[in-house]
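So the structure is just underneath, and the comments pick up after that.
The values are calculated or read from the model by the stated rules, or taken from the named source; none is laboratory data. Everything numeric in this text was worked out from a predicted model, so none of it was measured. When we count neighbours, we look across all protein chains shown, and the Cβ atoms used for this are built from the backbone with ideal geometry, even at glycine. When the accessible area is computed, the model is the full protein with side chains, heavy atoms only, and any ligands, DNA or RNA have been set aside. Shrake-Rupley method; radii C 1.70, N 1.55, O 1.52, S 1.80 Å.
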Amino acid sequence: MTVVGPDGHPRCSWAVSAPEYMSYHDEEWGKPVRDDHGLYERITLEAFQSGLSWITILRKRQNFRAAFAGFDPQLVAAYGPADFDRLMADPGIVRNRLKVNAAIANARALLELDKGALTELLWSFAPVDRPAPKTNADVPATTPESVAMSKALKKNGFVFIGPTTCYALMQATGIVNDHLADCISR
């Protein structure tokens, strides 16, 4: 069920609990991202979100961008031990060894692909003719497509990218549209 926001417009219920959520919901979530750089940023942020609330990541997003060189995969792929130590000491980001290592490993995996190949790969899992969810209960945590996407990414050297993270990535990047049927952003 949608919830009417402070501006009188119906939104997905999660979007009205904080100003950061409403902004993210209205301006970014579910909007198509079709470039490798943008997709690498979202893969990284979704991995860092794993086990945490998304609001934590949103509030630290600018810090993540600074720490990870604007999510430039060329620069992040070149990170060495000193960069890892710097990241692990940075209170502005989530300091988790597995997640920091994944951000670096995934930048390297991306560079092994042809230009545009990540975009093509991820978008190949877009479902066809999916009905608009009417309530939050209609929104899954994983789908057969997110399971297949996870396997394909892992086959290409990506890490820390399970089916639930892949589904969140699909939602965030517009590969699926999970705005509720009555949402203004639908």
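Tabulated results
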item: Sulfur and carbon atoms: percent of accessible area, the chain [1.4 Å]; result: 55
item: Given Lys31/Lys115; Lys60/Lys134; Lys115/Lys154, the pairs whose alpha carbons are separated by over 23 Å; result: Lys60/Lys134
item: Reachable aspartates and glutamates from Lys99, criterion Cα separation under 16 angstrom, eight or more residues apart if same chain; result: Glu41, Glu46, Asp83, Asp85, Asp90
item: Positive-pole candidate from Phe48, Ala132, Asn177, dipole of the stretch 39-186, charges at beta carbon; result: Phe48
item: Per residue solvent-accessible surface (Å²) - the stretch 62-186, probe of 1.4 Å; result: 49
item: For the stretch 84-94, Karplus couplings with θ = phi - 60° (6.51, -1.76, 1.60), whole Hz, Gly/Pro x; result: 4, 4, 4, 5, 5, 9, 8, x, x, 10, 7
item: Table column - 3J(HN,Hα) (Hz), the stretch 107-114, Karplus curve with 6.51, -1.76, 1.60, x for Gly and Pro; result: 5, 5, 4, 4, 5, 6, 8, 5
item: Placed amide H near Arg11: partners under 5 Å, 5+ positions off or other chain; result: Val3, Val4, Gly5, Ile184
item: For the stretch 28-115, size of Cβ-based charge dipole, Lys and Arg +1, Asp and Glu -1, in debye; result: 320
